[in-house]
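The values are calculated or read from the model by the stated rules, or taken from the named source; none is laboratory data. In this text the structure is predicted, and so the values were computed from the model without any measurement. Positions of Cβ are backbone-derived with ideal geometry, glycine not excepted, and every protein chain shown enters the neighbour counts. We work out accessible area using only protein heavy atoms, side chains counted, and drop any ligands, DNA or RNA first. Shrake-Rupley method; radii C 1.70, N 1.55, O 1.52, S 1.80 Å.
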Amino acid sequence: MKKFKVGVIGIGNVSPMHCVSIMNCEQGELVAVCDNKPERAQAGAERYGCVAYTDYKQMIDEADLDVVHVVTPHYLHAEMVIYAAQKGKQVLTEKPMSITVEDAEAMIKACDDAGVTLGVIFQNRYNPGSQLIKQALESGALGKIKGGKCFVTWDRSDEYYSRSDWKGTWDKEGGGVIIDQAIHTLDLLRWFVDDEIEYVDAQIGNRAHAKIEVEDTAEGVIKYKNGCVTGFWTMNYYSYDAPVEIELHCENGIAKMVGDRATIRYNNGKEEVWEHVPGEEVDFGAGAKQYWGVSHSKQINAFYTSLAAGEAPWIDGREALKTQKMVAAIYESGKTNKRMFL
Ligand SMILES: NC(=O)c1ccc[n+]([C@@H]2O[C@H](COP(=O)([O-])OP(=O)(O)OC[C@H]3O[C@@H](n4cnc5c(N)ncnc54)[C@H](O)[C@@H]3O)[C@@H](O)[C@H]2O)c1
């Protein structure tokens, strides 16, 4: 079996999810890591038994890679993906795809022009609860969605922001609670509805943080061309990371997700519950937050399976662009107080 030689750029918080998943993947071989902070690059190389680089271009040029994972601050995703593509590497980038829609489109074009694959991490689509709801929608069991809503109320304190040299800024993070935390849940809701967005009407604000310039609160409406209206409310000044909630009111019942647990109550009394599968665990080592779960590994395995088969990954650049456009419209609507038609 072909093993793809992989380099990971960005050895920060979420890097174990990538590095360990690659090492556990039959089709992947982690050969290099890169971080512009030399001590992080070195620690990563020692931990994963590979070569350290501090310059991502040098790693891409010299390490004989097939695939590059981009796990860096948001504003760097576009330039790194484009450079890797132009050098003929397949690419998997963390969410959000980029800060702007223009960057996201340039990333897709660069990968198309080079004939390489672009995958984007939205691992929560691989959670068992998400899969249950999606299957019940696709099979027609739930019928049409009549309405949907979601809440994300997490804890990202001023102290959390003060530990980062890029979070909390418009130019480097690209926003706050929407583009960084709620994006996962907004992506799930959009994927469940699975239709083109007609308009976004939202408000954003910073209501409880002293040190950041981006929003810590947002609420709004996303209306789809099929008539479905969904609402969201999110903030990251809560006192803990409360389980995310999504509810879909459908013709034949109500689908509800609270954290990882999805419950579908059909109008005929039947009930289905899917949640974390016991025994489905990956040890990502020190520093990894266990609540990130195993879905990174599932998406990374699926990415390599699709590469080996010469197929596009399920969550590719074009799929992620739809969510990027939704996020951009939330910001535009919030900043201008106008309804944004897509
Ligand atoms: N999918 C998820 O659930 C999830 C969870 C957390 C973070 N993320 C995403 O992962 C990405 C990284 O987040 P994080 O929390 O690990 O951030 P982080 O700040 O902890 O890590 C980023 C790393 O990139 C390095 N870096 C910065 N500039 C660089 C450059 N020019 N060259 C090489 N390395 C450079 C930094 O030194 C740092 O070590 C972001 O896109 C974030 O949104 C995703």
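The table below lists the values:
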| item | result |
| --- | --- |
| Number of the condition not met by Asp103 [criteria: (1) in contact (Cβ under 8 Å) with a residue 40 or more places away in the chain; (2) within 14 Å of the ligand (Cβ to nearest atom)] | (1) |
| Inter-residue pairs, beta-carbon under 9 Å, first closer than 21 Å to Pro128 by Cβ and in the range 299-319, second open to solvent by 60 Å² or more (accessible area, probe 1.4 Å) and in a helix (DSSP H, G or I), 6+ apart | Ile300/Asn24; Asn301/Asn24; Pro313/Thr305 |
| Within the range 238-286, considering residues that are touching a residue at least 40 places away in the same chain (Cβ under 8 Å), assigned to a loop (DSSP other than H, G, I, E, B) and of a type in the set (D, E, K, R), the one nearest to Arg207 (Cα to Cα) | Asp241 |
| Selection within the range 213-237 - in a strand (DSSP E or B), farther than 24 Å from Lys144 by Cβ and in contact with a helix residue (DSSP H, G or I) (Cβ under 8 Å, 6 or more places away or on another chain) | Thr217, Ala218, Thr234, Met235 |
| Per-region count, the range 195-212, residues part of a loop (DSSP other than H, G, I, E, B) and touching an Asp or Glu at 6+ places or on another chain (Cβ under 9 Å) | 7 |
| Of residues in the range 106-119 being touching a Phe, Trp or Tyr at 6+ places or on another chain (Cβ under 9 Å) and away from the ligand (no atom under 16 Å from the Cβ), the one farthest from Tyr83 (Cα to Cα) | Thr117 |
| The range 295-325, residues that are more than 16 Å from the chain's Cα centre (by Cα) and either part of a loop (DSSP other than H, G, I, E, B) or under 19 Å from Ile179 (Cβ atoms) (or both) | Gly310, Glu311, Ala312 |
| Filtered residues of the range 13-37 (kept if of a type outside the set (A, V, I, L, M, F, W, C) and open to solvent by 10 Å² or more (accessible area, probe 1.4 Å)) | Asn13, Asn24, Glu26, Gln27, Glu29, Asp35, Asn36, Lys37 |
| Near pairs, Cβ below 9 angstrom, 6+ apart or cross-chain, from the range 211-224 (under 17 Å from Gly174 (Cβ atoms)) to any residue that is among the hydroxyl-bearing types (Ser, Thr, Tyr) and open to solvent by 20 Å² or more (accessible area, probe 1.4 Å) | Ile212/Thr169; Glu213/Thr169; Val214/Thr169; Asp216/Tyr237; Thr217/Tyr237 |
| Any hit, the range 36-58, residues being assigned by TED's automatic domain parsing to the domain that holds Gly115 and touching a His at 6+ places or on another chain (Cβ under 9 Å) | no |
| Cross-chain or 6+ apart pairs with Cβ under 7 Å, the range 116-127 first and outside the structural domain of Gly259 (by TED's automatic domain parsing), then of a type in the set (S, T, N, Q) and open to solvent by 20 Å² or more (accessible area, probe 1.4 Å) | Val116/Gln90; Thr117/Gln90 |
| Residue within the range 182-194 that is assigned to a strand (DSSP E or B) and in contact (Cβ under 8 Å) with a residue 60 or more places away in the chain present | no |
| Among the candidates Tyr53, Tyr75, Tyr83, residue that is in contact with a Cys (Cβ under 7 Å, 6 or more places away or on another chain) and open to solvent by 30 Å² or more (accessible area, probe 1.4 Å) | Tyr53 |
| Top-ranked residue of the range 326-342 - restricted to ones that are surrounded by fewer than 19 Cβ atoms within 10 Å (Cβ to Cβ) and in a helix (DSSP H, G or I), ranked as nearest to the chain's Cα centre (by Cα) | Glu332 |
| Residue list for the range 1-47, filter: more than 21 Å from Ile121 (Cα to Cα) and either more than 14 Å from the ligand (Cβ to nearest atom) or touching a Pro at 6+ places or on another chain (Cβ under 8 Å) (or both) | Met1, Lys2, Glu46 |
| Among (1) more than 30 Å from Glu281 (Cα to Cα); (2) within 16 Å of the ligand (Cβ to nearest atom); (3) among the hydrophobic types (A, V, I, L, M, F, W, C) - the single one Phe122 does not satisfy | (1) |
| Residue list for the range 77-98, filter: among the β-branched types (Val, Ile, Thr) and more than 10 Å from the ligand (Cβ to nearest atom) | Val81, Ile82, Val91 |
| In the range 112-149, the residues that are under 18 Å from Tyr304 (Cα atoms), of a type outside the set (Val, Ile, Thr) and surrounded by 24 or more Cβ atoms within 10 Å (Cβ to Cβ) | Leu118, Gly119, Phe122 |
